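The values are calculated or read from the model by the stated rules, or taken from the named source; none is laboratory data. This is a predicted model, so every value here is computed, not measured. Don't worry about glycine lacking a Cβ; one is built from the backbone with ideal geometry, like all the others, and counts go over all protein chains shown. Keep in mind that these areas ignore ligands, DNA and RNA; they rest on the heavy atoms of the full protein, side chains included. Shrake-Rupley method; radii C 1.70, N 1.55, O 1.52, S 1.80 Å.
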Amino acid sequence: MPKKLYERELKALQAQLVDMQAWVQTTGARVVVIFEGRDAAGKGSTISRVSQFLNPRVTRTVALPTPTEREKTQWYFQRYIAHLPAAGEIVLMDRSWYNRAGVEHVMGYCTNAQYHRFLHQAPIFERMLVEEGIILLKYWFSVSDVEQEKRFRSRNEDPMRRWKLSPNDVLSITKWEDYSRAKDTMFVHTDIPEARWFEVDNEDKRRGRINMIHHLLGQIPYEQVERDPIEIPPRPASGGYERPPRDLQNYVPDYAAEVVANA
């Protein structure tokens, strides 16, 4: 997708996301959007584009770390419940409870009994969320094995993005078919009428982001919210305040001046 066309369409969709957020705030709606997929499939970058112009007090991203020893003894869904939205909030989940059906199962981090219990309980749990009135959307980001390896190598060579590459990510190359089978099984058990899976072809990141955001907006029944106009008052006359001398303050050195001088 040409860059200029992509940027123009992305900005238009992001403006609609702002309108959607205003509707969520006004109506007290609760929205959960799950981003799942293979490593390097582009989930994080898409979340960044979705949330770029949204109010972080209203729309927050949840990316939970490895569970603590205490959390491992809890009901599996328990630590996710604490992050569900209250009225007027949107939660974007960068991975979710579906870790158990993917990484944990394939890498042997959970028992077979825990895995099968998850496949049984996840649809029940999600039906409860929907019955409660939460808008639940689930997106799976797909990418080919060739493109995934290309992105891994790009990350490994880029010191600014190397943190995105973990030993587990690299192992996913050798377990490609295992992850494919796990994803297929997960869809069979959890693609329910109340909470369908929507697959995003993210081989082309620009095209994938545009498709996903456009679809997201179409799944939420938002309407334009009329905002009350805000008037900026005139600044009142000075009341005699005098600023303390600058040499009494600890200013950050003007490094930018050095950059400009040496340019």
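With distances taken between every two different alpha-carbon atoms, segment 88-162 has a Kirkwood hydrodynamic radius of 15.3 Å. For His83, the accessible surface of its heavy atoms amounts to roughly 60 Å² (probe 1.4 Å, protein chains only, rounded to the nearest 10). Here the calculated FRET efficiency for Val146 and Asn168, from their Cβ-Cβ distance with R0 = 25 Å, stands at 0.80, rounded to the nearest 0.05. I'd like the accessible area for Ser45: 1.4 Å probe, protein heavy atoms, all chains in place, Å² to the nearest 10. Solvent-accessible area, nearest 10 Å²: 20 Å². Judged by the mean number of other Cβ atoms found within 10 Å, the most tightly packed of the peptides 190-200, 2-12 leads the ranking 190-200, 2-12. With 5 Å bins beginning at zero, the pair-distance distribution over Cα atoms of segment 144-218 amounts to 3, 12, 16, 18, 21, 18, 9, 2, 0 %.
In this structure, Glu194 and Arg70 have a Cβ-Cβ separation that, at R0 = 30 Å, corresponds to a calculated FRET efficiency of about 0.45. Placing Phe141, Phe53 in order of accessible area, with the largest value first and a 1.4 Å probe, yields Phe53, Phe141.
The 1.4 Å probe gives accessible areas that order Trp176, Trp75, Trp23, largest first, as Trp75, Trp176, Trp23.
Using 0.36 nm per residue and subtracting the Cα-Cα separation, the extra length available between Ala237 and Met128 on full extension is 33.4 nm. The candidates Leu136, Leu171, Leu64, arranged from most to least accessible area with a 1.4 Å probe in the full protein assembly, appear as Leu171, Leu64, Leu136. If only the Cβ of Lys and Arg carry +1 and only the Cβ of Asp and Glu carry -1, the dipole of the chain around its Cα centre is close to 340 debye. Dipole orientation for the chain: of the candidates Gly28, Thr73, Pro233, Thr73 has the Cα lying most toward the positive pole (charges on Cβ; Lys, Arg +1; Asp, Glu -1). Of the whole protein surface, Met160 contributes about 150 Å² of accessible area at a 1.4 Å probe radius.
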